[in-house]
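Shown next, in structure tokens, is the structure this report addresses.
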Amino acid sequence: LMKVPGLIIPTNTIAFWIKLFQESNLNEANNILHHCARVQSREAVNLQVNRFGFKQDASLFQSVLEHIGMTGFGLAEAIDLDFEKKSATVQLSFNSLGLQHFKQFGNSEPIDYYVAGLVVGMCESFFDTDLQIVEKKCVGAGDSSCIFEVTKKNEEQFSIKQSMLDTIEEKIKPKQKT
């Protein structure tokens, strides 16, 4: 898609990886997934705006959220969007990864590292600032839907080494033409 190779991986495999990372105290691996999605999503919105001339408004915001559904993670919709406060609340219904994780492992803490990265990255593009995201409810924890709250950044929940973050930024951001 858009000259980016894709890979189809069953959700039960991803659920297993997340559980393995948690149990092996490898949460940095989940945080890396989060940041890869964050940068990818931010740059995808920037591309739509800068290259194709889309207007950054509520309509484009919802359209970008629909891409989460196209990737198989569920139906995402903004239930609160405030451009002035630079905040958003996003609901994810029919989350196949969360359902699979709950089915295999039962109740757990929120597990949607990748989707959280997608949501916060797109919001960072729309609001042109660093943001943070908290998954308040999670299907993987037994809730009926996932709820993500995006606000101005106070602290980074998904911390990784700066050198790793720099590598992610370098590899995903489009190269500037000279």
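The residue that is most open to solvent (accessible area, probe 1.4 Å), counting only those in the stretch 82-109 that are within 15 Å of residue 127 (Cα to Cα) and out of contact with any strand residue (DSSP E or B) (no Cβ under 9 Å at 6 or more places or on another chain), is 84.
Please tell me if residue 79 is open to solvent by 40 Å² or more (accessible area, probe 1.4 Å), closer than 19 Å to residue 94 by Cα and either in contact (Cβ under 8 Å) with a residue 60 or more places away in the chain or not in a helix (DSSP H, G or I) (or both).
Working: open to solvent by 40 Å² or more (accessible area, probe 1.4 Å): yes; closer than 19 Å to residue 94 by Cα: yes; either in contact (Cβ under 8 Å) with a residue 60 or more places away in the chain or not in a helix (DSSP H, G or I) (or both): yes.
In short, yes.
The single condition from (1) open to solvent by 50 Å² or more (accessible area, probe 1.4 Å); (2) touching a strand residue (DSSP E or B) at 6+ places or on another chain (Cβ under 6 Å) that residue 157 fails is (2). Can you tell me how many residues in the stretch 51-91 are under 22 Å from residue 152 (Cβ atoms), among the aromatic types (Phe, Trp, Tyr) and within 15 Å of the chain's Cα centre (by Cα)? Qualifying residue count, the stretch 51-91: 1.
Please go through the stretch 130-150 and give me each residue that is hydroxyl-bearing (Ser, Thr, Tyr) and either crowded, with 17+ Cβ neighbours inside 10 Å or touching a helix residue (DSSP H, G or I) at 6+ places or on another chain (Cβ under 9 Å) (or both), ordered by number. I'd like the intermediate steps shown before the answer.
So the first thing to find is which residues in the stretch 130-150 are hydroxyl-bearing (Ser, Thr, Tyr), and the list is 144-145.
Listed by number, the list holds a single entry, 145.
Within the stretch 120-178, the set of residues being within 16 Å of the chain's Cα centre (by Cα), part of a loop (DSSP other than H, G, I, E, B) and of a type in the set (Gly, Ala, Ser) comprises 145, 159.
Conditions tested, residue by residue: (1) under 30 Å from residue 161 (Cα atoms); (2) touching an Asp or Glu at 6+ places or on another chain (Cβ under 8 Å).
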position	(1), (2)
27	yes, no
35	yes, no
42	yes, yes
46	yes, no
53	no, no
63	no, no
71	yes, no
84	no, no
90	yes, yes
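Contact map, the stretch 121-149: first residue under 19 Å from residue 61 (Cβ atoms) and touching a residue at least 40 places away in the same chain (Cβ under 8 Å), second residue of a type in the set (Asp, Glu) and assigned to a loop (DSSP other than H, G, I, E, B), Cβ cut-off under 7 Å, separation 6 or more or different chains; pairs are 124/130; 146/112. Can you confirm whether residue 64 is more than 19 Å from residue 147 (Cα to Cα), crowded, with 20+ Cβ neighbours inside 10 Å, at pLDDT 90 or above and among the aliphatic types (A, V, I, L, M)? Judged against the criteria, residue 64 is not a match.
Do the conditions hold for residue 20, that is, is it free of Cβ contacts under 8 Å to residues at least 24 places away in the same chain, assigned to a helix (DSSP H, G or I) and open to solvent by 70 Å² or more (accessible area, probe 1.4 Å)? It would help to see each step written out before you state the result.
Numbers: free of Cβ contacts under 8 Å to residues at least 24 places away in the same chain: yes; assigned to a helix (DSSP H, G or I): yes; open to solvent by 70 Å² or more (accessible area, probe 1.4 Å): yes.
It is true that residue 20 is free of Cβ contacts under 8 Å to residues at least 24 places away in the same chain, assigned to a helix (DSSP H, G or I) and open to solvent by 70 Å² or more (accessible area, probe 1.4 Å).
Selection of first residues in the stretch 39-66 that are within 14 Å of residue 124 (Cβ to Cβ) and of second residues that are among the polar types (S, T, N, Q) and buried (at least 17 other Cβ atoms within 10 Å of the Cβ), restricted to Cβ pairs under 6 Å at least 6 apart or on distinct chains, gives the following pairs, ordered by first then second residue: 42/125; 45/125; 46/125; 49/56.
The values are calculated or read from the model by the stated rules, or taken from the named source; none is laboratory data. All of these numbers come straight from a predicted model, not from anything done at the bench. Note that we place each Cβ from the backbone using ideal geometry, even for glycine, and neighbour counts take in every protein chain shown. For the accessible areas, the whole protein counts, side chains as well, though only heavy atoms, and no ligand, DNA or RNA atoms are used. Shrake-Rupley method; radii C 1.70, N 1.55, O 1.52, S 1.80 Å.
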